[in-house]
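The values are calculated or read from the model by the stated rules, or taken from the named source; none is laboratory data. The model shown is predicted, which means the values in this text are computed figures rather than measured ones. Note: ideal-geometry Cβ built from the backbone for every residue, glycine included; neighbour counts use all protein chains shown.
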Amino acid sequence: MGRKKVRELPESLGLACVGADSHAHLDGRDLDPLAVLARARACGVRTVGNVFLGPDAYLSSREVFENDPDVFFLLGVHPHEAGTMAEADLQAMAAAFGADARLKAVGEVGLDYYYDFSPRDAQQFWFRRQLELALELNQRVVIHCRDAEEDCLDILDELGFCGRPVLWHCFGLGPDWVKELVVRGWHLSVPGTVTYAKSEALRHAVRLIPADRLLLETDAPYLAPEPYRGKTNEPALLGFTAREIARLRGEDLAGFWARAGGNTRRFFGLSL
């Protein structure tokens with residue numbers, strides 16, 4: 001019989017507790033959020049952004065994180081749910097942002113043409129409405145975009161988001177798209193897919209992202225990096241993503257880890 005594969009432990013990276021996971025889904029899952037956060041801190045992740053997909057998720061799960069000041073919140077209706085979104089959802093979002101200072105961005109919002117879970121016209125309508133809400137609230141925006149880049153950019157440009165605080169979540173595109181997003185003054189968040197050998201365009205693109213615009217994310221529980229690909233992702237594994245990006249950029253891991261964490265806290269207006 002062959003030997004069981006022994007994976008490298010994330011805590012073995014020895015990272016200081018200054019890292020930040022800009023985008024994770026820890027609520028409403030088969031996860032114990034408190035245990036996940038404890039493992040994250042043991043692996044150098046100090047700050048975590050939890051993404052609530054809609055006001056119902058926010059209202060039902062926010063208290064799980066009430067005793068952890070290093071968890072901040074994002075709130076938005078995902079394009080997959082655009083077909084059932086209603087004006088009441090937008091009003092509930094506005095009320096939540098008015099009452100909770102831990103809500104730091106409208107997101108993830110955008111367009112997803114890869115799946116047909118919602119009609120494209122509904123996606124575009126509610127994307128616009130959520131962007132308009134962000135403008136009204138003077139809030140940051142976190143974008144979900146898959147196979148809809150041109151339409152997504154057209155809507156953002158039309159509504160005047162060039163130069164505003166926008167984060168392109170789960171960036172997985174090539175070098176040309178780095179230029180498109182950076183010239184608009186936006187930030188890019190890179191997930192664990194950068195560790196996959198076949199992600200050639202992304203692996204080249206991360207070399208070109210300006211140092212002060214590059215954030216890290218897990219998108220937990222999805223997209224676990226190597227050597228945990230195919231397993232449940234969580235913030236504790238973020239160091240493997242950081243290590244590969246630092247290698248690709250020719251940077252020292254410790255320095256890159258600290259800077260990327262600082263980038264996240266600055267973008268979301270958190271204490272450094």
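For the range 116-129, a residue qualifies if it is modelled with pLDDT of 95 or more, surrounded by fewer than 19 Cβ atoms within 10 Å (Cβ to Cβ) and not in a helix (DSSP H, G or I), and the qualifying residues are 117, 119. For beta carbons closer than 8 Å, sequence separation of 6+ or different chains, a first residue in the range 221-233 that is within 12 Å of residue 24 (Cα to Cα) and among the aromatic types (Phe, Trp, Tyr) and a second that is part of a loop (DSSP other than H, G, I, E, B) and modelled with pLDDT of 95 or more, the qualifying pairs are 222/25; 222/233.
Strands (runs of 3 or more DSSP E) fully within the range 8-101 that include at least 2 residues being free of Cβ contacts under 8 Å to residues at least 60 places away in the same chain and buried (at least 21 other Cβ atoms within 10 Å of the Cβ): 45-53, 71-76. With respect to residue 145, is the statement that it is under 18 Å from the mean Cα position of the chain (by Cα), modelled with pLDDT of 95 or more, crowded, with 18+ Cβ neighbours inside 10 Å and in a strand (DSSP E or B) true? Criteria met by residue 145. One residue alone among 164, 140, 184 is more than 18 Å from the chain's Cα centre (by Cα) and on the phi < 0 side of the Ramachandran plot, and that residue is 184. Only one entry of 167, 238 meets the criterion of being buried (at least 24 other Cβ atoms within 10 Å of the Cβ), touching a helix residue (DSSP H, G or I) at 6+ places or on another chain (Cβ under 9 Å), modelled with pLDDT of 95 or more and over 22 Å from residue 44 (Cα atoms), and that entry is 167. Within the range 195-218, the set of residues being of a type in the set (A, V, I, L, M) and within 10 Å of residue 173 (Cα to Cα) comprises 201, 202, 205, 206.
As a summary of the residue check, residue 194 satisfies the conditions (1) crowded, with 18+ Cβ neighbours inside 10 Å; (2) touching a strand residue (DSSP E or B) at 6+ places or on another chain (Cβ under 9 Å); (3) not charged (D, E, K, R) except for the one numbered (2).
Got a number for residues in the range 226-270 being in a loop (DSSP other than H, G, I, E, B) and of a type in the set (S, T, N, Q)? The number of residues fulfilling the criteria is 2. Scanning the range 171-225 for residues that are basic (Lys, Arg), assigned to a helix (DSSP H, G or I) and within 21 Å of residue 19 (Cβ to Cβ) gives 203, 213.
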